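Accompanying notes for the structure given below.
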Amino acid sequence: MTRYSLVLIFAVVASSAFAAEAEKANWIFVNYTAYKHKIHIDVNGKKYISENDASGFDSKPSPLKEGKNRIFVRFEQKPEEIGKHGLGSKARIFLSPNMMVGNKPLPGVEITDVAYYCECEIEIVIKNKVPLTIKYTRRDWISDKKKIPLYEERIERKAQSEMADKEVYKTWTPKGAPFSEECYIKGKLDSAKYYKPGGKLGAEVKNGKGTIKEWYGDGALATEVPVVNGLRNGVMIEYAGNGKVASKTTFKDGKKIKTDKKNRP
């Protein structure tokens, strides 16, 4: 029996933040790989377009300005590739004090696993040439018609912080039914909604307390784990497709304590 889950997997990898004594940034680069996609990049109104497959390319350096800087990245799947699952396209944002690509990727922003149509907006506030705050939004759809959403995330953070102030993630099934919604505050799960196959609400987390659940495609429960104070606390139970308990894993303050494996699916 197949678990009810997204066909596509999306990830945002938080790179280490700038040091406490931040380096000044004068230029911005977008490093990208466009596999079976056309990529559009706009940095403070300056536009770049890649028509062909491109791996490890950097946009030309764009000067940063005091105040708000806006970066827009869009991936469009090529018409002949629509319906295929190539998860190779990605992009990273780099800041640099000079016109050479620096080694300071923008913390918390790494656009990976792009499959269909994806738009990303990044806002960076600069003061005295030092990054202060970052806002990042990503949205994925099945096509440029934007009728069937797949994924959305919104992140707000201070550029010098190791942890985001707020993170919101939403996912849908390939048919457009809601799958999950999660909101993290300072790294802890503050609120969430988890949906059964077909889009009916099945579990919630409110004010850091509740239950995370996942279901098989036929509606049978696959996983459940209690959340207390925004972290996994208690016993996570995984069920086999026949409804029997497959394993039990104990968590305390988000850390795995022990696992008792029983009947694996």
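Just a few scattered comments:
Here's the yes/no breakdown for (1) within 18 Å of ILE148 (Cβ to Cβ); (2) of a type in the set (Gly, Ala, Ser):
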{"position": "PRO174", "(1), (2)": "yes, no"}
{"position": "ALA177", "(1), (2)": "yes, yes"}
{"position": "SER180", "(1), (2)": "yes, yes"}
{"position": "LEU189", "(1), (2)": "no, no"}
{"position": "GLY198", "(1), (2)": "yes, yes"}
{"position": "ASN207", "(1), (2)": "no, no"}
{"position": "GLU214", "(1), (2)": "no, no"}
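- Test result for ALA177, over 21 Å from the mean Cα position of the chain (by Cα) and of a type in the set (A, V, I, L, M): no
- Output for the range 229-255, where each listed residue is surrounded by 15 or more Cβ atoms within 10 Å (Cβ to Cβ) and hydrophobic (A, V, I, L, M, F, W, C): LEU231, VAL235, MET236, ILE237, ALA240, ALA246, PHE251
Okay, residues lined up against (1) within 28 Å of LYS36 (Cα to Cα); (2) in the same structural domain as SER247 (by TED's automatic domain parsing); (3) free of Cβ contacts under 8 Å to residues at least 60 places away in the same chain:
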| site | (1), (2), (3) |
| --- | --- |
| PRO131 | no, no, no |
| LEU150 | yes, no, no |
| TYR169 | yes, no, yes |
| CYS183 | no, yes, yes |
| LEU189 | no, yes, yes |
| GLY199 | no, yes, yes |
| GLU204 | no, yes, yes |
| GLU214 | no, yes, no |
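- The set of residues in the range 62-100 that are closer than 17 Å to ILE41 by Cα, modelled with pLDDT under 85 and assigned to a loop (DSSP other than H, G, I, E, B) contains only LYS78.
- Leading residue by the ranking (nearest to GLU167 (Cα to Cα)) among those in the range 129-144 that are of a type in the set (S, T, N, Q) and part of a strand (DSSP E or B): THR137
- Checking every residue in the range 215-225 against the condition of being surrounded by 17 or more Cβ atoms within 10 Å (Cβ to Cβ), assigned to a strand (DSSP E or B) and at pLDDT below 95 gives at least one match.
- Qualifying positions in the range 145-170 - in a loop (DSSP other than H, G, I, E, B), at pLDDT 95 or above and under 27 Å from TYR116 (Cβ atoms): none
The values are calculated or read from the model by the stated rules, or taken from the named source; none is laboratory data. All of these numbers come straight from a predicted model, not from anything done at the bench. Backbone-built Cβ (ideal geometry, glycine too); neighbour counts: all protein chains shown.
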